[in-house]
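Some notes on the structure that comes next.
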Amino acid sequence: MITVMLVDDHEIVRAGFRRLLDNTDDISVIAEAATGEDAYSLYQEHSPDVVVMDLSMPPGVGGLEAIKRILAVAPEANILVLTVQECEPYPSRVLQAGAKGYLTKRCAPEELIDAVRKVYHGNEYVAPSIQKELDGKKASKLNLLTKRELQVFTQLAGGSSVAQIADSMFISQKTVHVHRSNILTKLELAKTSDLIHMAIRHGIVEA
């Protein structure tokens, strides 16, 4: 039996994935986490065969950081990312961090089941559309952003205020403004509304 831990901050999403995976003959969901912090601690408690990990989490430890923390204590961990993030630089950063697979939430139920099995058996699985982009598409302008700038970009695009971003990232509001200015310059954008439109086009946030 392949044991799985689900990591997603939406309970209804976890319930749907649990029902799907538990209905198979060879997969069983043994743990669920709603935050990156919980994912890290529950992994050590349950040692699941596969972790199905979302990237977008509440303020704190995000999906990418949770992946790094888990792999730091368990290099053998099989982590499959399942996210709404469809565009670079997310797939590259996740795979470089050591995840074994990358799926988007547009995938068919059968594809998720197949990916869990393949990752469990030591194979990588990347959604065909993502793999095509990784193989043939020029790097997105988002690759120009530093890790910190990408965090600010994502939160601005999601509607967070400068004060909220400063609090969640433990930096000053002045620093957030500096990051915002650098982001607009690197992406050749004029204002925050342009940034939001770009994020929607790249699937980073939903319209």
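The values are calculated or read from the model by the stated rules, or taken from the named source; none is laboratory data. Just so you know, these numbers come straight off a predicted model, no measurement behind them. Positions of Cβ are generated from backbone atoms using ideal geometry, with glycine treated the same way; all protein chains shown enter the neighbour counts.
Here are some notes:
- The residue of region 92-108 that is modelled with the lowest pLDDT, among those that are in a loop (DSSP other than H, G, I, E, B) and touching a helix residue (DSSP H, G or I) at 6+ places or on another chain (Cβ under 6 Å), is Gly98.
- Looking at Leu184, Leu189, Leu142, just one residue is of a type outside the set (D, E, K, R), within 27 Å of Ala99 (Cα to Cα) and either in a helix (DSSP H, G or I) or touching a helix residue (DSSP H, G or I) at 6+ places or on another chain (Cβ under 6 Å) (or both), and that residue is Leu142.
- Tabulated pairs, region 22-50, first within 19 Å of Leu71 (Cα to Cα) and in contact (Cβ under 8 Å) with a residue 60 or more places away in the chain, second among the hydroxyl-bearing types (Ser, Thr, Tyr) and buried (at least 18 other Cβ atoms within 10 Å of the Cβ), C-beta under 7 angstrom, 6+ apart or interchain: Asp49/Tyr120; Val50/Tyr120
Every residue, every condition in (1) in a loop (DSSP other than H, G, I, E, B); (2) at pLDDT below 95; (3) touching a His at 6+ places or on another chain (Cβ under 9 Å), yes or no:
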{"position": "Leu6", "(1), (2), (3)": "no, no, no"}
{"position": "Glu37", "(1), (2), (3)": "no, yes, no"}
{"position": "Pro48", "(1), (2), (3)": "yes, no, no"}
{"position": "Ser56", "(1), (2), (3)": "yes, yes, no"}
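- Of the candidates Glu124, Glu111, the single residue that is surrounded by fewer than 18 Cβ atoms within 10 Å (Cβ to Cβ), in the same structural domain as Leu71 (by TED's automatic domain parsing), touching a residue at least 12 places away in the same chain (Cβ under 8 Å) and touching a Gly at 6+ places or on another chain (Cβ under 9 Å) is Glu124.
- You will find that of Glu133, Glu111, the residue that is of a type outside the set (A, V, I, L, M) and at pLDDT below 85 is Glu133 and no other.
- Annotation note: of Ala199, Ala190, the sole residue that is over 17 Å from Thr146 (Cα atoms) and among the small types (Gly, Ala, Ser) is Ala190.
- Single residue of region 145-175 satisfying the filter (among the aliphatic types (A, V, I, L, M) and not in a helix (DSSP H, G or I)) that is nearest to His202 (Cα to Cα): Leu145
- Check on Asp38, touching a helix residue (DSSP H, G or I) at 6+ places or on another chain (Cβ under 8 Å), assigned by TED's automatic domain parsing to the domain that holds Arg18 and not β-branched (Val, Ile, Thr): no
- Residue list for region 158-206, restricted to those being closer than 19 Å to Tyr90 by Cα, surrounded by fewer than 14 Cβ atoms within 10 Å (Cβ to Cβ) and aliphatic (A, V, I, L, M): Ile200
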